[in-house]
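To keep things clear, I will list the structure first and then write my remarks on it.
Bear in mind that the values in this text are calculations on the coordinates, not laboratory data. Small disclaimer: the values here were computed from a predicted structure and weren't measured. Note that each Cβ is placed from the backbone with ideal geometry, even for glycine, and that neighbours are counted across all protein chains shown.
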């Protein structure tokens, strides 16, 4: 690959929040562990509630993110090239919080959990950068959701709700051992 | 230190969720970067809304976590030896989401952001483990808060609230570029 092309490639990669600060050398190192997967239109890539651990970076095509709130499933958003998914359950074996479905042919770079473990051994600096980038993303999301829910609870007339919210947050932010 | 004492020390350290999987050798490496701080009773260690980046592990004493919801400040919880704080804004320069105040003399191990950066250079495997452990903690919190808020929104009669929640989540889970 020419130096110009490599630089362009690095800029594109770094534009993805989860790959911020990652160097070209590390990208190459990662290339040995990640694989490109192609999903036909309509294929479900992740299923809400199911377990599987991988980090996907969309290279081409689009996916819908579908999530249940109560009984109703709804399309939360549409992911495009450069978007990542799988980060919520990548480090912790937990059910996927949403379904991701290809709405046209999708090509994605996939880093499986096992490949990531190999990468941790051979190149901890890159797995460290990815982990730090995920922390930034999640702490930002958590902060925003806390503010949103706080405002919603404030509009409630029922004082019991306020107490419930207080108790829930107390558990959430402190009992890190449970 | 005797081998028995070292093992006991490692077990205690590993019992802290943020130091899971960290080896004795890495703890020693970290010891060169972290410092022990002592706070007298009543001292505010972190102020809600203020910026500063550090990760604190309580070695002895207790702290209250105080958070505003609307105008009212309330004691969310009391932290004890083994508990950690500062993780929400450690990787991202953001205002602290709560105030932490010593309610008796507190001794804490503090890893500042600059010291962490040094650690990233000299021993990326430990900073990687800490980052991965924080990801686990935050994704778990985010998932719980999502479920809690979803249930709250479900009890709302107002269909506009449902739409607002849908739109908010759509932004939260997908617009990772903003």
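At each listed q (0.10 Å⁻¹), what is the log10 of I(q)/I(0) that the Debye formula gives for chain A modelled as equal alpha-carbon point scatterers?
Debye output, listed in q order: -0.49.
Listed highest first by mean packing, meaning other Cβ atoms within 10 Å per residue, what order do B:137-144, A:55-62, B:152-159, B:30-37 come in?
Peptide ranking by packing, descending: B:137-144, A:55-62, B:30-37, B:152-159.
Please report, for the Cα atoms of the protein assembly as shown, the Rg to one decimal and the Dmax as a whole number; what are they, in angstrom?
So, for the protein assembly as shown, Rg and Dmax equal 21.3, 65 Å respectively.
Can you tell me what the convex hull of the Cα atoms of the range A:81-178 projects to on average, as an area in nm²?
Mean projected area for the range A:81-178: 9.3 nm², to one decimal.
What shape does the range A:132-176 have by the C-alpha gyration tensor, where a ≥ b ≥ c are the square roots of the eigenvalues, rounded means a/c under 1.5, and otherwise prolate means a/b greater than b/c and oblate the rest? Could the numbers behind the result be given before it?
Numbers: a/c = 6.46, a/b = 1.77, b/c = 3.66.
Oblate shape, in that a/c is at least 1.5 and b/c is the bigger or equal ratio.
Within 10 Å, count the other beta carbons around each residue, average over each peptide in B:2-13, A:161-172, A:92-103, B:83-94, and list them highest first.
B:83-94, A:92-103, A:161-172, B:2-13
Mind pulling the per residue volume of the convex hull built on the Cα atoms of the range B:49-108? Å³ is fine. Walk me through the intermediate numbers first.
Values: hull volume 4.5 nm³, N = 60.
Taking the convex hull of the Cα positions in the range B:49-108, it is 76 Å³ per residue.
Shortest first and in nm to one decimal, what separations exist between residue B:51 and its copies in the other chains, measuring from label points 7 Å along the Cα-to-beta-carbon line?
Those separations, rounded to one decimal, come out as 4.1 nm.
Compute the label-point distances linking residue B:158 to its equivalents in the other copies; points lie 7 Å from Cα along Cα→Cβ; give nm, one decimal, shortest first.
Going from nearest to farthest copy, the values are 1.5 nm.
Return the calculated 222 nm mean residue ellipticity for chain B, to the nearest 500 deg cm²/dmol, obtained by summing -39500 (n - 2.57) across DSSP H runs with n ≥ 4 and dividing by the residue count. Could the numbers behind the result be given before it?
Working: 5 runs with 79 residues, N = 178.
-14500 deg cm²/dmol, from helical runs alone.
Using the 7 Å Cα-to-Cβ label point, sort the distances from residue B:14 to its equivalents in the other copies shortest first and give them in nm to one decimal.
Ordered by distance, the counterparts are at 3.9 nm.
Determine the shielding of peptide A:148-155 by partner chains: average, over its residues, the number of Cβ atoms on other chains within 10 angstrom of each Cβ.
Details: counts 8, 9, 4, 3, 8, 4, 4, 3.
What the average comes to for A:148-155 is 5.
Give the span of the range B:6-67's Cα atoms along each principal axis, as three whole-Å numbers ordered largest to smallest.
On the principal axes, the range B:6-67 reaches 36, 22, 20 Å in Cα extent.
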